[in-house]
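The values are calculated or read from the model by the stated rules, or taken from the named source; none is laboratory data. Worth saying up front: this structure is predicted, and the values here are computed from it rather than measured. Cβ: placed from backbone, ideal geometry, glycine included. Neighbour counts: every protein chain shown. SASA here: full protein model, heavy atoms, side chains in, ligands and nucleic acids out. Shrake-Rupley method; radii C 1.70, N 1.55, O 1.52, S 1.80 Å.
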Amino acid sequence: MLAHASLQELNARIVKCNLCPRLRAHCTEIARVRRRAYAEWEYWGKPVPSFGDPRARVLALGLAPGAHGSNRTGRPFTGDGSGDFLYPVLHEAGFASQRRAISREDGMKLHGLWITSVARCAPPGNKPTPEELRNCAPWLDEEMRLLTNLRVVVCLGRIAFDGLLAHLRRRAGVDGMPPRSSFAFAHGAEFALPNGWTAIASFHPSLQNTNTGRLTAEMLLAVFRRARQLAGL
Ligand code: SF4
């Protein structure tokens, strides 16, 4: 219960974060201008809080909010093409209560899964700078500490994968980590981590990957089914 409350408090602090002027200006401007299809929406426009089951054994670690997806709706992977691809897979794998994620009020519940990202504000071109990733890293560190049941981290894309490794280096110290060369990113690759967790690397469910067939629903489902198995769910 305490960790649960603290995760809520952490999210409440995250939504007020202002550490990256470029990202905050970008999100605010997108929320002001809006896409024509969402002209009636009151965009979220703030850092996007994490979402899920506080007792999660599996973490899905993404890159950053989508400009007209979670920057609009205020919930990870909600309201854009990436989420339209991801949530049906999470539902099929038993982590999500429904296939459709359209808003914070759509009734979605996650079971055994927590979703977060290495940057919590939508970046121009989907590319946060190294400094912005470093700014956001303490939020991830605190979140990881509060997710006390965690066993498996699914990294959605290479930047998330690198973000997890950087987190582990901060946590264990450079000497506590195997060399970087032991962590070659490939879809479906698994890595036993020094702290007992398992990392699974996955391609990111961006439209760039899903529209080209680089990532299929079957490929992503296999990753989340494996995560479930490794987590003992
Ligand atoms: S990206 Fe992270 S550190 Fe930067 S302003 Fe957003 S929440 Fe704060």
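Report, please, the projected area of segment 138-198 averaged over directions, based on the convex hull of its C-alpha atoms, in nm². Could you put the intermediate results ahead of the total?
On the way: hull surface 16.2 nm².
Spelled out: convex hull of the Cα atoms, projected over all directions, averaged, 4.1 nm².
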Practice task
Pull out a ≥ b ≥ c, the square roots of the eigenvalues of the alpha-carbon gyration tensor of segment 55-180, then state rounded if a/c is under 1.5, prolate if not and a/b is larger than b/c, and oblate in the remaining case.
Solution key: oblate
Handout entry: Estimated distance in nm for a label pair at ARG36 and ALA189, the labels positioned 7 Å out from Cα along Cα-to-Cβ
Key = 4.3
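Tell me, what is the per residue accessible area of the chain in Å², probe radius 1.4 Å? Present the calculation step by step, with values, prior to reporting the outcome.
On the way: 11050 Å² over 233 residues.
Spelled out: the 1.4 Å probe surface of the chain, per residue, equals 47 Å².
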Exercise for the section: For LYS46, go through the aspartates and glutamates and keep the ones whose alpha-carbon is under 12 Å away, minus same-chain ones fewer than eight residues off. Expected result: GLU29
Fill in the blank from the handout: Simple spin-label estimate for ARG13/GLN208, 7 Å along Cα→Cβ, in nm, reads 3.3
Handout entry: Overall form of segment 132-233 per C-alpha gyration tensor (a/c, 1.5; a/b vs b/c)
Key = prolate
Practice task
Kindly work out what percent of the DSSP beta bridges joining two residues of the chain are antiparallel, to the nearest 5.
Solution key: 30
Completion exercise
Per the C-alpha gyration tensor (a ≥ b ≥ c, the square roots of its eigenvalues), the chain is rounded if a/c is under 1.5, else prolate if a/b beats b/c, else oblate; here it's rounded
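Using a 1.4 Å probe on the protein heavy atoms, what percent of the accessible area of segment 172-233 belongs to carbon and sulfur? Please report the intermediate quantities before stating the final value.
On the way: 1770 of 3250 Å².
Here it works out to 54 percent.
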Completion exercise
Relative contact order of the chain (C-alpha contacts under 8 Å, at least 6 apart) in percent is 22
Problem - Residue-span extension gain [ARG24 to ARG170] - 0.36 nm each, minus C-alpha spacing - result: 50.0 nm
Problem - Accessible area of segment 71-115 belonging to carbon and sulfur atoms, whole % at 1.4 Å probe - result: 47
